[in-house]
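Below is one structure, written out as structure tokens, with a few remarks after it.
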Amino acid sequence: MSRSPMSASRMKRLRAPLASVSVFVGLWYGLAYSLDNNFASSDGSALIVPPPHRLFEGLNSRNVERIATATGISVATALTGLVIAVVLGSALGLFMASARSVERAVWPWLIAMQVTPVIVLTPIIVRIFGPSFAARVFVTVVVAFFPLASNVLFGVRSIPQSWRDLFVLRGASRVETIRELWIPASLPSFFAGLRISAGLAVIGSIVGDFFFTRGDAGLGRLINYFFLDTRSGPMFVTALIASLVGFAFFAAAGLLRKLFVDPWHKP
């Protein structure tokens, strides 16, 4: 019985992802069994990299509960930081777009903030916020802020001059121009930046976990705990959960773009 055209097309689209997953799993097995003393523990469990079929060894109910709690904390940190970054980044992008002089004054500081390692800022952040949830949120904002500000600025700068002239002829005020022209026209660029910042927010929440340890542990601290305790299975499961959270944030940003931009904007 021949396959339907739709089934054949679907299989063709799945070939590349399945091939990449197969290569990844193969490399994972190769790494796990090529590392010296990887299985030198008394019970034969992996010390560094567990092979895929032994990934869940040592994952008891206590560890599952800790991972679930840490996931909730990291999601809350990433989401809070992302919302703040969206508000501040969008506002600053629009502010820089208002005048070239403002952009020239602010842009170097944005670049400096983006390229400065978080560890350099750690003593200052601890002094201001303490090693707490607020400090983790601040790191998340710092990490996720730049793509939003730069993309909103790019979106406004890309508005055709003819559209700007139309609003001048209408005698539109600055507020009307921003509300009716700048914001709608910059939405495609904004959502492109949001997808980047969504993933960075998860990274920021996990990085913040390593530096600010007060309060309940998020995924970053839990990964470090399992690493120091040489429990590679739970450590890799926690890292996999962190990756899935990042993917979920990225996918949610893409879904929001489909809802608010794709119906009227075709790239």
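Descriptive notes on the structure:
- Lys, Arg +1 and Asp, Glu -1 on Cβ, resulting dipole of the chain about Cα centre, debye, nearest 20: 820
- Cβ-based charge dipole, the chain, positive-most Cα from Ala78, Met96, Leu121: Met96
- Packing rank of 224-235, 152-163, where each peptide gets the mean count of other beta carbons within 10 Å, highest leading: 224-235, 152-163
- Residue-averaged 222 nm ellipticity for the chain, from DSSP H runs of 4+ at -39500 (n - 2.57), nearest 500: -26000 deg cm²/dmol
- Quarter of Cα convex hull surface for the stretch 155-211, i.e. mean projection, nm²: 5.0
- Cα Rg, Dmax, the stretch 89-216, angstrom units: 17.6, 57
- Two-decimal Rg to Rh for the chain - Kirkwood Rh, Cα set: 1.08
- Under the membrane-span-like helix rule (DSSP H runs whose alpha carbons stretch at least 27 Å along the helix axis, mean Kyte-Doolittle hydropathy 0.5 or higher), the chain yields 61-97, 133-157, 183-211, 232-260.
- Burial ranking of peptide ranges 56-63, 168-175, 114-121 (average Cβ count within 10 Å, highest at the top): 56-63, 114-121, 168-175
- Taking each residue as 0.36 nm, the span from Val87 to Val21 lengthens on full extension beyond its C-alpha to C-alpha distance by 20.0 nm.
Any read-out appearing in this document is the output of simple, stated calculations on the displayed coordinates, not a laboratory observation. Predicted model only: the values in this text are computed from it and were never measured. Backbone-built Cβ (ideal geometry, glycine too); neighbour counts: all protein chains shown.
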